[in-house]
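We did not get these values from a lab; they are worked out from the coordinates using the rules stated. None of the values given here were measured: they were computed from a predicted structure. Positions of Cβ are backbone-derived with ideal geometry, glycine not excepted, and every protein chain shown enters the neighbour counts.
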Amino acid sequence: MKRDALLIFCCLWYALGWAQSRSINGVVKDEHGSPLTAVTVTLKGTSIAVQTDEDGMFTINVDGSETLEFSLMGFDKQTISVQNRAELEVVLRETQSALDEVVIIGYQQVTRRKTTAAISSISGKELANLPAASFDQLLQGRLAGVNVQNFTGEPGATPTVQVRGNTSLNREYDEFSVGNAPLYVVDGVPQPPQQYTSPMTGTGTNFIAGINPQDIESIDVLKDASAAAIYGSRAANGVIMITTKKGRSTEPQVMISAYTGVTQRPALRDVALGAEERRQKMQILEDLQPLRGDIDYRNLSLVLTDSLNPAFNGNTDWQDLYYRTGRVNSADLTLSGGGTGGMNYRFSAGLYDEDGIVKATGFKRYSMRLNLTSMALKQRLMINPIVAYSRTDRARAGGDGIGTDARYTPASYFNLSDTRREYLLGMYDEDLDVNTGNQLTFNLNLGYEFTNALRFTSQTSYIYSNSRRDVSIPNAVANFTGNQQNVFSDNQVNILSSNYFTYTKSFSDHNLSAILGSDLEYNQYRSMNAGATNGASDQIKVIQGFQQRYLTAGSDYQAYSMASFYSRLAYDYDSRYLLSASIRGDGSSRFGKNNKWGYFPSVSLAWLISEESFMKDGESMFSMLKLRASLGTSGGLPGNNYLQYNLYRVNAGNYWGNNGATSYNGITAITPNLVDGVAQPDISWERSVQWNLGVDAELAAGRFSFAFDVFNKENKLSLFDVVLPVTTGYDRALTNSIGVRNYGAEMILMANPLPRRSPVQWFSRLNVSYVKNQIMNLPNSGRDLVVTGSRFDKTHILSVGSPINTFYLYETLGIFSTVNDIPINPLTGQRFNAGGGAYQPGDMYLRDVDGDFVIDPFNDGINPDKLPIGDPNPKWTGGWTNNFTWRNFSLGILFTFLFDRDVLNLYQSDLYENGAGTNETTGSFSQYAIPDLSKVNIWRKPGDQAAIPAYPLGSFRYYSVAGQTYFLDRGDYLRVKSVSLTYNLPNAMVSRMGMNNVRVYGVVDNLAMFQRTSRLPDAEAVNYWGEYDGDGYPIPAKFTFGVEFQF
Amino acid sequence: MFRNNIILFSLSLVAALFTSCEKFLEEEPKNSTYNEVFWDDARAGNNAIAGNYALLRNALMDGFSGVGNRYYMYGDMPANLYIGVYSDGYGHVEIGNGNYTSNYMVQSYGNWTLFYKSITMSNIILKEMPEVPREVLELEQDNPEAFRRKIMGQAYFLRAFTYFMLTKVWGDVPLVTEVYDDPINAPQLPRAPRAVVLKQIEDDCHKAAALLDWGYTNSSERSVMANKGSVYALLAHLYLWRATTADLGSDQPIMQDVHSADTTIAALLALGGYSRPDTTNYGDVFIGRSTEGIFELNMSENTLEGTNGHIGMKFLNNNHIATYGANAAFFVKPAYLTSHFYKVETKWDWVWHEDIWQWVWEEVTTTALDTADVRFNNNFEDYTSERPVCVKYSNVVYRNPGQQLEAHLSNNMILFRLSDMLLLQAEIALYQGDISRAINIINSFREHYGASESSLLSSDLSKDQVMNEYILERGKELYLEGHLFYDLIRTRKCFDHVPWLTEARLRQGGFFWPVDPRLFSENRHLVQTEYWRGKI
């Protein structure tokens, strides 16, 4: 189109050239002095125009008018008066306005000016060269409405990514849950979700970690339903659209970039070591002995009393065994260019290699991507194949974290025997837990232009991925029962065929755009696992030479298919009043006949006030002012492919003491799945209805801009287990039974506060999201549900009206300083007690909610002394980006923050949990490490006003009830997430080297952390449930230095 | 023109895709079988009935952490006469005190969920098996209708057996005999009166008896698959239970049920083909599949169905299992041994006579431990120690024999056996007033097992004295077989032996278990067991 126009203009220029002989030569450059290609130079007031060549040079004949206009996409327009000059040097500045940027809205793209939906976008440039294993980690703080929490520092793990809040409810606690993941769409292809493997079965590697952040051109997040509804049944949790880089039709370009750096070993926890630890333990025993009858000196462990025994007089810091300083390396090569006839290409290859700060953990990615575009049939047919391959390699050291949690870190005075060392460190060898993943993506996009208005696009995609995990457990780690070997392997095929027509036409002031299409998608997953135990040699790292009866094997097959059709109609009048409506229908194999199809409509409106004549009169400060409103429905699919079938359980012979039994009397036992296997032909789609009101504004040609959105999202008919009558034989069944509401607001402020001409430029962007959720209804008549499956003390509750996973806790009122502080039941004369055991001075004072002078120790279900207190969902999240440029230097600083979240500090509760046994055989107090008591104010004698209660020595007291408000911390934090300094070598120097651009840069990731509580080592390293137990993987600081060449 | 063709072609392509959608959108599971296809298989009945047995086995063996074995927790533990607890950490000892109120106890042993899974399976078999087409069965079964009868007969039996367990433990229980097409909207059921449940069991037994045969066509089924004999044994127990507990206010048994039990056992003995093994092989009875086994649940390592959670293992120490400690969790109460395995001795001794205010050298009779009884010899060790060991179930198999690791017990769960039936005849005789018949039966046991002649009963004993001896004989014969507590209730000998089960408590049904309070939260029709109302 443009090319045609250009041709005509050029002809015109030649034709006119004969008439007038005065010609002007010039060169157009950017601010760094690099020549700009394809700048349109127009003689003002005429249609005469030329374009600059590859060196930025142009020649134009002036005819009467002496004013030239220079324009190029992405740069501010400039008008220059020639005034008898024959040579011109023009510098164009990059624009600050985002109005002409395009955003991807699913099957189509529109300019930001014309969007009617709530969409957050970010350019790939912002993500380049930052040391992170996967791009989703980098989205943190950079996109309004997207909350990313990197709760673990383990390379290759999946962070929690939530678009507009948490909507997932679970009856059971799952340590690895990351909540509701959004749908990722890469180059128009929805990626299959990571639904078949949990961190305990497969490799556990983040399924989108195969995408090299360097290949990303832009990321657009469809937040509201009007945008996301086009992805129908999978869009309820938001859609993240990723566009990868394409070639540009220029000279061949080569870019090489590489960086290297270190990841910092975390600070170790405070522990008293060696003789000091023993002294502290003996002191606390001595202090408490008169008060605690259970402490019997005669039974004290030899470990504590025999300080001369060489086995027990060590000085071992156990944490030290597991950590190291890590490395991070990355290298990328990109070739891009084009040829005649609209052909262009881009090829990239990348390597990312991060060694974790825990021994034998790390993540490597080898990636390759080829994007070709070619035009045929007289430029009407576009052929665009994309081929990408990635391999990930992840060492996980057994995947169980480190062996030093709060409770079970061994005491320092143990000298480490070789056997013990082998046991503890046996898994910390990279060969023992090998996780590899391969992903091959092949897309073929075909576009045919029937007319300027009508276009047909056909997209075929084939994604093949496989992963494999090999775990070898050495004899010593397996308690000397022989080495063990486990293999897991899976592969997944995802085929998508997407065909749609687009129609775009303007009739005077009426602009119309429409889309109509259909998708077919098929996904097949197969896995295989095998395990062997009681092996004969640690050297054997495959399943060979194991006895038949120690072998187990299994395989699985899962498949689903989906058919969809969709349509969107967008209309605007005079680019002032905008209307867009879309509908998608999805049919899924996961549903029974009665409910196969679900329909997801949406509508949105926008009013561009700034285009109204009353705003255009005079000098308006607004280059754009837009009001938006939208309403729509999107959906969710159940994770289970075969809910409509009553699947049977084969090999159902298990019973008490024999979980592996498969048969009865040698006959394979088969029963229905009597847990949750009810056939459900009537189950229907989860639905999310969302409205959104927003305003977008841009001031002073893009120097300032802001966007503000409020939304309300209600997930209805979400799938959840209902408990069935016992007499049906089944325990529970999934039904469309819960509702969750998320509501909130988002704000983005962007500014370039310094004047345009200032030598220092400062770009600043602040985004803040607020989201709050509330459970609207629960199954079984809305009764409260205590979340099961966590530790002994159940700490979460689901309750209508409360946020998801609200903590369920005892309220701590203080510490009993003396016996007189402990209440007495006036009716019985009994002292306040917990399940029969009377409280003593130094114990926690828990609030007796039901007033019966007994703290009910009942931990499994509704407890009359517990209350729903504290919300583990983050409410305020966001980030503040700052970029400063001065000459060839640029400095970027990103802050991320989270406010208003409660964290249950299980680490704190576990620290003092090993006091129960003081005697020889069960002496956990003597066996395990304690905190450095010289640094804490712990209760030792009646009258102490202590911050920490008495050490619960000699008995199982209710001290360490994890579910109490004493352990509830504020999770607020502000993190200096990323600081980068870049220097572009001067152009002259670079040209002498025969290159286009050379830059050097340094990045510091996680430079500093400011957090409300000092009891948490890292307020971000808190899991989805808002719990921290000290067993996780610290988030390290990374320091990298890199260089990038372009030639 | 060309352009229009392309549009038409594309549109028709899209249309074609849509029409094939319905097929495209069907994905059948390949990772398991499912209801619609499972029964279309000649072998389905075999697998389903195996599943039913497995569910019953799971229900009877389940329990609270570390102990489990609820069959024995209901049947032996409450009497507090037989099992001593050295350590379990979770208060199972409270069961022996008749105190079922702790959270741990009431949430595990008070929960009947697993029994209803077994009942559901029986219901499914009874619904589906009649509908399997004959042509399908003919593919593999020589006699399709006999096969069908055999599967259904077992399903009736298993349903009856499971309900019998339920009603012995809880009294009134919900009664479900149908399969719900839509379990999600199935009704919550109230507890049905005991009498109704017992009637259902009787009816199911009669149906099962009509469908099943005596004996075994296949020796691999011996004892572990129910036959007509199993049904009769269950019926006999049912009649005696109903005779003695239908009206807890009365201690007079219902004679009609007693007679039914009598004739049932008589038929069983005449037609069942069971026989007691030679006493030298007495121990093998508890491994399983002996000639005296009437119904057992297979828990044999021969088919890798042994368990490391068997009640027998709770009594074993490192003399029997290499990885165990010196102190077993449970032990045999020494008082049980001395009171049950007694012999009467006479000897000369000085005796103080108050009336004449002097010592007299005279002959006295005392009781001593009768170590000659085969059952004593076979079942108990370390009987002089504080904590005697029960080795009745001690057929230990190591799955890792090289390192002696992964010990499993390969002892079937013995539910009904011939000696049980023979002894019940003595109880029946006593109810019928035929004391000498009862004495003969008890003496025949003592003679058979080589007990001291001094323990033989003389013919001049009263009915009550014989009943006392009957209970001792049951205690000797059926130690740790899940019967003894019910024997004590039936005969009302609990008043003598179980301190907590007073007459008042028995009249209130206070031996029934409370229901897990968690079951009430879903079911508003449910009521707590009468005795426990206000106590949980």
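Each residue of segment B:156-161 in order: what ³J(HN,Hα) in whole Hz does its phi give by Karplus 6.51 cos²θ - 1.76 cosθ + 1.60, θ = phi - 60°, with x for Gly and Pro?
Karplus values, whole Hz, x for Gly and Pro: 4, 4, 5, 5, 5, 4.
Helix B:435-448 versus the longest principal axis of chain B: what angle, 0 to 90°, nearest 10, using Cα atoms?
Helix B:435-448 and the main axis of chain B meet at about 80 degrees.
Output needed: percent of Cα pairs per 5 Å distance bin for segment A:72-182, bins running from 0 to the one holding the longest distance.
Reading upward from the zero bin: 2, 9, 13, 14, 15, 12, 10, 8, 6, 4, 3, 2, 1, 1, 1, 0.
Compare the Cα positions of B:W241, B:N319, B:L304 along the charge dipole of segment B:178-330 (+1 at Cβ of Lys, Arg; -1 at Cβ of Asp, Glu; about the Cα centre) and return the one farthest towards the positive end.
The residue sitting farthest along the positive end of the dipole is B:N319.
Divide by every residue of chain B the summed helix terms, -39500 (n - 2.57) for each DSSP H run of at least 4, and state the resulting mean residue ellipticity at 222 nm, rounded to the nearest 500 deg cm²/dmol.
On the way: 20 runs with 230 residues, N = 536.
Helix contribution divided over all residues of chain B: -13000 deg cm²/dmol.
For a quick size check, give me the Cα extents of segment A:330-441 along its three principal axes, largest first, whole Å.
Its Cα atoms span 81, 24, 20 Å along the three principal axes.
With the Cα gyration tensor of chain B giving a ≥ b ≥ c as the square roots of its eigenvalues, does the rule (a/c under 1.5 for rounded; else a/b larger than b/c for prolate; else oblate) give rounded, prolate or oblate?
prolate
Place the peptides A:739-750, A:718-729 in order of packing, highest mean first, counting for every residue the other Cβ atoms within 10 Å and averaging per peptide.
Values: A:739-750: 20.2, A:718-729: 23.0.
Descending packing order for the listed peptides: A:718-729, A:739-750.
Quote the relative contact order of segment B:59-197 in percent (integer), defining contacts as alpha-carbon pairs under 8 Å separated by 6+ residues.
That works out to 19 percent.
Determine the dipole magnitude for segment A:115-251: charges of +1 sit on the beta-carbon of Lys and Arg, -1 on that of Asp and Glu, nothing else is charged, the reference point is the Cα centre, and the result goes in debye to the nearest 20.
It works out to roughly 280 debye.
If the only charges are +1 at each Lys and Arg Cβ and -1 at each Asp and Glu Cβ, what is the size of the charge dipole of segment B:272-408 around the Cα centre, to the nearest 20 debye?
Taking the Cα centre of segment B:272-408 as origin, the dipole is about 620 debye.
With bins 10 Å wide starting at 0, give me the P(r) of segment A:918-1047 over every alpha carbon pair, in whole percents.
Binned Cα distances yield the sequence 9, 23, 23, 16, 11, 8, 6, 3, 0.
What dipole magnitude, in Debye to the nearest 20, does chain B give about its Cα centre under +1 on Lys/Arg Cβ and -1 on Asp/Glu Cβ?
Details: 46 positive and 66 negative charges, 227 e Å.
In debye, rounded to 20, chain B gives about 1100.
Quick check: the angle from helix A:2-17's long axis to the longest principal axis of chain A, C-alpha only, nearest 10 degrees?
Between helix and principal axis, roughly 30 degrees.
Short version: what are the Cα gyration tensor semi-axes of segment B:275-318, square root of 5 times each eigenvalue, largest first, in whole Å?
Square roots of five times the eigenvalues give 21, 15, 9 Å.
Would you grab the residues whose amide H sits under 5 Å from the one on A:Q680? Only those 5+ places off in sequence or on another chain, please, with H modelled 1.01 Å from N.
Excluding prolines and chain starts, which carry no amide H, the hits are A:Q644, A:Y645.
Could you work out the relative contact order of chain A? I mean the mean sequence separation of Cα pairs under 8 Å and 6+ apart, divided by the number of residues, in percent.
In percent, rounded to a whole number, it is 11.
In whole Hz, what ³J(HN,Hα) sequence does segment A:509-522 give by Karplus (6.51, -1.76, 1.60; θ = phi - 60°), x for Gly and Pro?
Once rounded to whole Hz, the list reads 8, 9, 10, 10, 9, 9, 9, 8, x, 9, 10, 10, 9, 9.
Evaluate peptide B:180-192: per residue, the Cβ atoms of other protein chains within 10 Å of its Cβ; return the mean as an integer.
Values: counts 7, 1, 7, 15, 15, 4, 7, 3, 5, 4, 0, 0, 0.
Mean number of neighbouring Cβ atoms from other chains: 5.
Would you mind checking which residues have amide H under 5 Å from B:H408's amide H? H placed 1.01 Å from N; only 5 or more apart, or other chain.
B:V397, B:Y398, B:R399
If N is the number of residues in segment B:313-402, what value comes out of its Cα radius of gyration divided by 2.2 N^0.38 Å? Walk me through the numbers on the way to the answer.
On the way: Rg = 19.8 Å, N = 90, 2.2 N^0.38 = 12.2 Å.
Cα Rg divided by the expected 2.2 N^0.38 Å: 1.62.
For peptide A:586-595, compute the average count of partner chain beta-carbon atoms within 10 Å of each residue's beta-carbon.
Working: counts 1, 5, 2, 5, 2, 1, 0, 3, 0, 0.
Mean shielding count: 2.
Using helices alone, what [θ] at 222 nm do you get for chain A, with -39,500 (n - 2.57) per DSSP H run of 4 or more residues, divided over all residues and rounded to the nearest 500?
-1500 deg cm²/dmol
To the nearest 10 degrees, how steep is helix A:275-288 against the longest Cα principal axis of chain A, on a 0 to 90 scale?
60 degrees
What whole-number distance in Å separates the alpha-carbon centres of segment A:59-128 and segment A:411-480?
43 Å
Of the beta bridges DSSP finds with both residues in chain A, what % are antiparallel, to the nearest 5?
Details: 358 of 374 bridges.
Antiparallel: roughly 95 percent of the beta bridges in chain A.
Expressed in whole Å with the largest first, what are the equivalent ellipsoid semi-axes of segment A:783-901 derived from the C-alpha gyration tensor as the square root of 5 times each eigenvalue?
45, 20, 11
Over all pairs of distinct alpha carbons, what does the Kirkwood formula give as the hydrodynamic radius of segment A:289-330, in Å? Please report the intermediate quantities before stating the final value.
Details: mean 1/r = 0.0694 Å⁻¹.
By the Kirkwood definition, the hydrodynamic radius is 14.4 Å.
Beyond 22 Å, what share of the Cα-Cα pairs of segment B:58-169 is found? Please give it as a whole percent.
47 percent
What is the set of long-range amide H partners of A:Y928 at a cut-off below 5 Å, with H atoms built 1.01 Å from backbone N?
A:A411
Other chains near A:528-534: what is the mean number of their Cβ atoms within 10 Å of each residue's Cβ?
Across the residues of A:528-534, the mean count of other-chain Cβ atoms within 10 Å is 1.
Give the separation of the Cα centroids, segment A:742-797 to segment B:422-478, in Å.
A separation of 78 Å, based on Cα centres.
Using the Kirkwood radius over Cα pairs, work out the Stokes-Einstein diffusion coefficient for the protein assembly as shown at 37 °C and 0.692 mPa s, in µm²/s as a whole number. Could you put the intermediate results ahead of the total?
On the way: Rh = 38.3 Å.
Rounded to a whole number, D works out at 86 µm²/s.
From the Cα trace of segment A:487-606, what convex hull volume per residue do you get, rounded to a whole Å³?
Convex hull of Cα atoms, per residue: 175 Å³.
So what J values fall out for segment A:43-53 if you push phi through Karplus, 6.51 cos²θ - 1.76 cosθ + 1.60 with θ = phi - 60°, rounded to Hz, Gly and Pro as x?
3J(HN,Hα) across segment A:43-53, in whole Hz: 7, 4, x, 10, 9, 7, 7, 9, 10, 6, 8.
Using the number of other C-beta atoms within 10 angstrom as an exposure proxy, rank B:E345, A:E154, A:E686 with the fewest first.
Working: B:E345 12, A:E154 27, A:E686 22.
Final ranking by Cβ density, sparse to dense: B:E345, A:E686, A:E154.
Just want the answer: with Cβ charges of +1 for Lys and Arg and -1 for Asp and Glu, which residue in A:Q492, A:T896, B:A407 is farthest toward the dipole's positive end in the protein assembly as shown?
Comparing the listed Cα positions along the dipole, A:T896 ranks first.
So what are segment B:205-291's ellipsoid semi-axes, whole angstrom, largest first, if each one is the square root of 5 times an eigenvalue of the alpha-carbon gyration tensor?
After diagonalising the Cα gyration tensor, the semi-axes are 28, 17, 11 Å.
Hey, got the Cα dimensions of segment B:441-504 along the principal axes, in Å, largest first?
Over segment B:441-504, Cα extents along the principal axes are 38, 28, 15 Å.
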